[in-house]
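Since the structure comes first, as structure tokens, the remarks are kept for the end.
The values are calculated or read from the model by the stated rules, or taken from the named source; none is laboratory data. Keep in mind it's a predicted model, so treat the numbers as computed, not measured. Heads up, the Cβs are rebuilt from the backbone with ideal geometry, glycines too, and the neighbour counts pull from every protein chain shown. The accessibility values were calculated without ligands, DNA or RNA, using every heavy atom of the protein model including side chains. Shrake-Rupley method; radii C 1.70, N 1.55, O 1.52, S 1.80 Å.
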Amino acid sequence: MAFFFFLLLLLLLSPAAAAASWPPSPGFWPSSHVRSMEFYKGFRNLWGPQHQSLSQDTLSIWLDRTTGSGFKSLRPFRSGYFSASIKLQPGYTAGVITAFYLSNNEAHPGFHDEVDIEFLGTTFGKPYTLQTNVYIRGTGDGRIIGREMKFHLWFDPTKDFHNYAILWRPNEIIFLVDDIPIRRYPRKSAATFPLRPMWVYGSIWDASSWATEDGKYRADYRYQPFVAKYRNFKARGCSAYSPAWCQPVSASPFRSGGLSRQQENAMKWVQSHQLVYNYCWDNKRDHSLTPECWH
């Protein structure tokens, strides 16, 4: 019997078993085709300047009971590849949102577009949830139609920096983690796809009313400050001021966009192993408002 358990342990520790808990290689790494930039060459503080510091190319932003903080790109874009390496705070972070996203909410208040990567804070012993979301012409809080897909990551995002990216083209949006596609949102109609220029943002803020298990657990400021660290900023694409012939960036080996078969396989692995919520599968949602789910 002891020998049997020894063999079982060897099997669990084998490279094949380890590989089973990690996505297959995507075969293409779009981040390697985009140069990093210094923070102040591409971004500026938007709010909470006293809760933001830059040291050796790493930007720290934090939330305490007084305020959070956020930053914004200097230019708006109409397409592009946007990424940052982010390290999250361990421990109790319920109610806290750490975000990296595209938006035009300041240009179109109450009627804006948004593409989100949001880390939903958690309680002791539970993993962070990475939420991806797409809004089109949102009409204000409570009336925005979210298109959320949520994931648990295959690594601990508090241990080290990992790269998180949004690739936005006129016909698709692709979310990537360490160059592995986790979600592709294709354009199926103009009504369900963001087409107006957007800026790049990052922020940390208190969303206790919904962030962690639908508001069950709230921010606890005994654990403040809640700190998020960003570095390796990348933004390459067609700005709102680029000429019409500006070619959108691709996330795949193909200039026409889309994903290679190897990238598709990596994304399928993530969605079969790490996906914890898909708005299209939610029977409580009114899917007449999200026709892309069934068209």
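Here PHE28 passes the criteria (1) touching a Phe, Trp or Tyr at 6+ places or on another chain (Cβ under 9 Å); (2) within 26 Å of ASN265 (Cβ to Cβ) except the one numbered (1).
In region 236-262, the residues that are farther than 12 Å from ARG78 by Cβ and touching a residue at least 24 places away in the same chain (Cβ under 8 Å) form Cβ pairs under 7 Å with partners that are in a loop (DSSP other than H, G, I, E, B) and among the aromatic types (Phe, Trp, Tyr), at six or more places apart or across chains, as follows: SER252/PHE28; PRO253/PHE28; SER260/PHE28. When the residues of region 107-138 are filtered to those that are of a type in the set (Phe, Trp, Tyr) and outside any strand (DSSP E or B), the one that is modelled with the lowest pLDDT is PHE111. When residues in region 174-211 are screened for being farther than 25 Å from MET267 by Cα, in contact with a Ser or Thr (Cβ under 7 Å, 6 or more places away or on another chain) and assigned to a loop (DSSP other than H, G, I, E, B), 0 of them pass. Of the residues screened, ARG147 is one that is buried (at least 16 other Cβ atoms within 10 Å of the Cβ) and farther than 20 Å from ALA84 by Cβ. Which ones in region 50-84 are part of a strand (DSSP E or B) and open to solvent by 10 Å² or more (accessible area, probe 1.4 Å)? Passing the criteria: GLN52, SER53, LEU54, SER55, THR58, SER60, TRP62, LYS72, ARG78.
Each row is one residue, and each column tells you yes or no for (1) of a type in the set (D, E, K, R); (2) buried (at least 17 other Cβ atoms within 10 Å of the Cβ); (3) within 25 Å of ARG285 (Cβ to Cβ).
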residue	(1), (2), (3)
TYR135	no, yes, yes
LEU153	no, yes, yes
PHE175	no, yes, yes
ILE204	no, yes, no
LYS216	yes, no, yes
PRO225	no, no, no
